[in-house]
Each structure stands twice: as C-alpha cells, then as structure tokens.
1. Restricting attention to segment D:5-59, and to residues there that are in contact (Cβ under 8 Å) with a residue 40 or more places away in the chain, facing another protein chain (nearest Cβ under 8 Å) and under 21 Å from residue B:44 (Cβ atoms), which single residue is surrounded by the most Cβ atoms within 10 Å (Cβ to Cβ)?
2. Take residue A:44 and tell me if it is modelled with pLDDT under 95 and part of a helix (DSSP H, G or I).
3. Suppose the filter is surrounded by fewer than 19 Cβ atoms within 10 Å (Cβ to Cβ), out of contact with any strand residue (DSSP E or B) (no Cβ under 6 Å at 6 or more places or on another chain), more than 9 Å from chain C (Cβ to nearest Cβ) and at pLDDT 95 or above; does residue D:114 pass it?
4. In segment A:60-105, which residues are outside any loop (DSSP other than H, G, I, E, B), within 30 Å of residue C:45 (Cα to Cα), over 12 Å from the mean Cα position of the chain (by Cα) and more than 8 Å from chain B (Cβ to nearest Cβ)?
5. Can residue C:50 be described as more than 19 Å from the chain's Cα centre (by Cα) and assigned to a helix (DSSP H, G or I)?
6. Within segment D:126-134, does at least one residue satisfy the condition of being more than 10 Å from chain C (Cβ to nearest Cβ) and surrounded by 22 or more Cβ atoms within 10 Å (Cβ to Cβ)?
C-alpha cells in the first residue's frame with residue numbers, strides 16, 4: 001500500500017469518492033508535476049532550446065496544475081463536488097496539451113518521450129476521478 | 001503602474017489577452033491566495049474552530065488554485081486558450097465556494113468578512129479574463 | 001527505476017549531485033507534501049481539532065516547503081549550490097518540527113503516526129542531499 | 001491599508017512578529033513570485049534564449065521559494081521560530097542569486113531590469129523579517 005492510500009485511510013472524514021481512485025490520481029499528479037518540472041528544465045538545457053519553448057511553457061503550467069490538484073484531492077474534509085470537478089478537469093486539460101506538445105518532440109528528446117507518457121497516464125487518472133464524481 | 005503590469009509589458013511574446021485585464025486578475029489571485037491562507041489559519045485560532053472546518057478546507061483549496069492561476073496567467077509565451085480557460089474557470093469556481101462559505105461566518109468573524117470580499121473580487125476578475133478569451 | 005530517476009537521467013545538463021540521492025529526496029518530498037496535506041485535513045476532521053491546531057499549521061508549512069524543495073531539486077540546469085543548500089536546510093527543518101509535533105499525537109491519531117514516519121524519512125533524505133553538496 | 005495587513009489584523013492568534021514587517025514581506029514575496037514567473041517566461045520568448053537559461057532557472061526557483069515563504073508568513077497560529085527563520089533565509093538567498101543573475105542581463109532586457117529590482121526589494125524585506133525574529 002502506498003503512503004497516500006495509508007494517509008487517506010486514516011482520514012476519517014466521510015468521503016464521496018473511492019479512495020483507491022483518489023490515491024492513484026494523487027500519486028500520478030505528483031509524478032507528473034515532477035516529470036514536467038524536469039522536462040521544462042531539460043528543454044532549457046538543449047542546444048535547440050528555441051524549438052522547445054512552447055513545450056517548456058506548457059510543462060510549467062502542467063506542473064503547477066498537477067501540484068494543486070494533488071493537494072485538493074488530498075483533502076476529504078468539507079468536500080465540494082463542483083470545485084473538485086473543475087480542478088480535475090483543468091488538470092486533465094493541462095496534461096493533454098502538455099502531453100501533446102511533448103509528443104511532437106518525443107523522437108528527438110528522451111525527456112519529452114518519458115514526460116509524454118506520464119502526462120497521458122495522469123490525464124487518464126483525472127478522467128477516472130471525473131467518472132467517479134456523481 | 002503595478003509591477004505585474006510592468007512585467008507583462010516587458011514580455012514581448014505575442015499576447016492574445018488584454019494585459020490590463022490579465023494584470024488585474026493576476027494581482028487579485030495573489031491577494032486572494034494570501035487572504036485565504038490567513039483566513040484558514042485564523043479559523044484554526046478560533047475557539048469555535050469546529051464550526052469553521054469547512055471554511056478552512058475551502059480556503060486552503062482556494063489559496064492553491066489562486067496561486068496556480070496567477071502563475072499560469074503570468075506566462076504569455078506558448079499561450080494555450082483551452083488550458084487557460086479551464087484553469088481560470090476552476091479559479092472562479094474555487095473563489096465562489098470559498099466566498100460563499102466565508103459569507104456564512106462574516107458577521108461572526110472579521111477574517112471571513114474580509115476574505116469573502118477578496119474571493120468575490122477575484123471571482124469577478126476571473127470572469128473578466130474568461131470574457132476576454134475568444 | 002522510478003519515473004523521477006528516469007527523468008533526471010534524460011536531463012543532460014551537467015549535475016553536481018548524485019542523481020540517485022536527488023531522486024530519492026525528490027520522491028520523498030512529494031510523499032511528505034501529500035502526507036502533511038492529508039494530516040492537516042484529518043486534523044480538521046477530528047472532534048478534538050482544538051488540540052491539533054499547531055499540528056495542522058506545521059503540516060501546512062511542511063507541505064509547502066516540501067513541494068518547493070522537490071521542484072528546486074528537479075531542476076539541474078543552472079545549478080546554484082548555496083540556493084540548493086538553503087532550500088534543503090529549510091526543508092529538513094520543516095520536516096523536523098512537523099514530525100516532532102505529529103509524534104506528540106501519534107498514539108492517539110493514526111494519521112499523525114504515519115505522517116510522522118514520512119516526515120522523519122524526508123528529513124533524512126534532505127540530510128543526505130546536504131551531505132552530498134560540497 | 002493593504003488586504004494583507006487587514007487579514008493579519010483579523011487573525012487573533014498571538015504573534016511574535018510585527019505585523020507591518022510581516023505584511024510588507026508577504027506582499028513583496030508575492031510580487032517577486034509574479035515578476036520571476038514572467039521573467040522566466042520572457043526569457044523563453046527571447047531570440048537569445050540560450051544566454052538566459054541560467055536566469056530562467058533561477059527565476060523559477062525564486063518564484064517557488066517566494067510563494068512558499070509568503071504562505072508560511074501568512075500563518076500566525078502555531079508559530080515556530082526556527083522554521084520561520086530557515087524559510088525566510090532560503091528566500092533571501094533565492095532573491096539574491098536570482099537578482100544577481102538578472103543584473104547581468106538588465107541592460108539588454110527590460111524584464112531582467114524590473115525583475116532584478118523586485119528581487120532586491122524582496123531580499124531586503126526578508127532581511128527585515130530575519131532581524132525581527134528573536
């Protein structure tokens with residue numbers, strides 16, 4: 001069991017969302033925040049940095065949105081459905097545009113290839129949470 | 001002229017959004033992140049903290065979302081319309097639920113009264129940005 | 001191999017720090033940011049929330065500092081030794097005070113028990129990074 | 001009176017630090033987080049982006065550290081002196097290295113010139129807080 005799942009289990013506030021689905025999404029959001037932060041940094045270190053400017057920018061946005069989403073989902077007390085949905089939708093969108101841009105450079109740059117994979121996985125985890133919100 | 005407006009003016013990337021509207025929203029997002037962080041903290045310091053638990057939680061979410069929104073809007077290079085719209089919509093939503101909850105305690109607690117005002121203003125600034133996105 | 005290690009390996013900027021040590025610290029910082037965010041939330045959900053106010057506050061600080069530290073360590077381009085040291089020292093300090101406070105409630109509250117463990121581990125990972133900075 | 005000062009005044013937790021000094025530092029930390037975020041973005045938009053890679057990286061770090069510092073200082077409940085000192089020291093350090101790097105490009109790039117000024121001011125505000133911690 002991951003620490004996230006252990007922590008969610010100790011939080012005794014009533015939850016509207018399945019904790020397994022939540023924990024997977026939280027963990028992947030942090031993983032994606034990490035990958036996007038390093039991908040933006042690796043973009044800066046490339047000789048062809050000018051080609052990677054849009055990639056770096058979208059990675060930075062995605063890192064910020066993923067970090068915030070992980071934190072919002074880590075709170076179960078005082079759950080608000082509409083707020084959760086809006087935040088997770090923004091995260092799915094951020095992962096999609098960041099993943100799409102990384103995909104354009106994936107053959108040339110390994111950091112974009114790995115980062116694209118993480119963005120796709122994170123988008124999927126967000127969609128699982130959205131499907132669970134009723 | 002605020003520093004934010006000065007900074008946006010020095011960023012020569014082509015912008016799709018009016019810089020005055022952007023700068024006002026960015027400044028108010030940071031102001032709201034501050035107010036919500038202190039309101040959540042003040043909630044913890046109240047004797048009746050148990051009545052303010054939902055308020056503290058929504059304030060914490062709102063602070064996170066406002067901080068991320070301010071950062072996304074501070075980047076003009078590689079602008080993505082759909083991502084910007086999703087993030088600002090989530091921020092307007094966060095400000096609304098946080099403001100609504102603070103409103104319920106505004107007569108009793110001065111920190112909730114001031115924080116509600118800032119949340120309302122921030123929601124409006126977000127809606128101005130959303131109206132400017134075409 | 002974790003995603004973090006994979007991402008650090010793809011970043012070709014010259015590094016002054018061992019990537020294994022960095023990756024472990026980054027992953028634990030995100031884990032600690034998660035644990036502290038949920039522990040603060042669980043504090044709010046307890047009947048005896050008034051006893052847990054200091055715990056919630058220090059958890060919130062620790063979550064913020066850990067998140068920032070993970071991001072700073074995820075960037076290898078343009079490495080600055082003194083900045084890295086200051087940030088990681090602040091993180092070790094945040095983990096220590098947050099862990100110490102959780103320890104006082106660990107017998108009573110499972111979320112504090114798990115969170116304390118994560119804080120201790122994160123403090124140790126930070127000290128490993130500090131030892132590697134020369 | 002700024003909103004920050006108003007909010008700090010409503011937080012009735014006993015404070016060890018002068019609220020005027022705190023409020024000034026908090027506001028300048030958010031201002032610096034904004035300036036550094038836009039300066040890093042403007043760096044990406046420059047033709048000579050390769051010359052500005054270290055600047056962008058240090059700006060990104062400084063934005064993260066300033067954002068976290070503003071939040072830690074916005075909390076008065078459960079104040080911890082050593083944690084506050086460590087965090088504000090890291091922030092002063094981040095502002096110094098970010099400001100120094102911007103200074104090297106200030107004649108060429110207006111965004112670096114403005115950002116340097118904000119970094120210097122934020123470093124000074126941090127030092128005022130450090131002087132007030134006893």
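1. Ranking the candidates gives D:26 first.
2. Numbers: modelled with pLDDT under 95: yes; part of a helix (DSSP H, G or I): yes.
Considered against the rule, which asks whether it is modelled with pLDDT under 95 and part of a helix (DSSP H, G or I), residue A:44 comes out as yes.
3. no
4. Once the filter is applied, which keeps residues that are outside any loop (DSSP other than H, G, I, E, B), within 30 Å of residue C:45 (Cα to Cα), over 12 Å from the mean Cα position of the chain (by Cα) and more than 8 Å from chain B (Cβ to nearest Cβ), segment A:60-105 yields A:81, A:84, A:85.
5. yes
6. Checked segment D:126-134: at least one residue is more than 10 Å from chain C (Cβ to nearest Cβ) and surrounded by 22 or more Cβ atoms within 10 Å (Cβ to Cβ).
Matching residues to (1) under 23 Å from residue C:126 (Cα atoms); (2) touching a helix residue (DSSP H, G or I) at 6+ places or on another chain (Cβ under 6 Å):
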{"residue": "D:30", "(1), (2)": "no, yes"}
{"residue": "D:59", "(1), (2)": "yes, yes"}
{"residue": "D:77", "(1), (2)": "no, yes"}
{"residue": "D:91", "(1), (2)": "yes, yes"}
{"residue": "D:107", "(1), (2)": "no, no"}
{"residue": "D:113", "(1), (2)": "no, no"}
{"residue": "D:119", "(1), (2)": "no, yes"}
{"residue": "D:125", "(1), (2)": "no, yes"}
{"residue": "D:133", "(1), (2)": "no, yes"}
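Listed here are the residues, each with its yes/no results for (1) under 30 Å from residue D:101 (Cα atoms); (2) touching a residue at least 12 places away in the same chain (Cβ under 8 Å).
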{"position": "C:82", "(1), (2)": "yes, no"}
{"position": "C:87", "(1), (2)": "yes, yes"}
{"position": "C:91", "(1), (2)": "yes, yes"}
{"position": "C:102", "(1), (2)": "no, yes"}
{"position": "C:105", "(1), (2)": "no, yes"}
{"position": "C:115", "(1), (2)": "no, yes"}
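The values are calculated or read from the model by the stated rules, or taken from the named source; none is laboratory data. Please read all numbers here as calculations on a predicted model, not as lab measurements. FYI the Cβ positions are ideal-geometry reconstructions off the backbone, even for glycines, and counts take in every protein chain you see.
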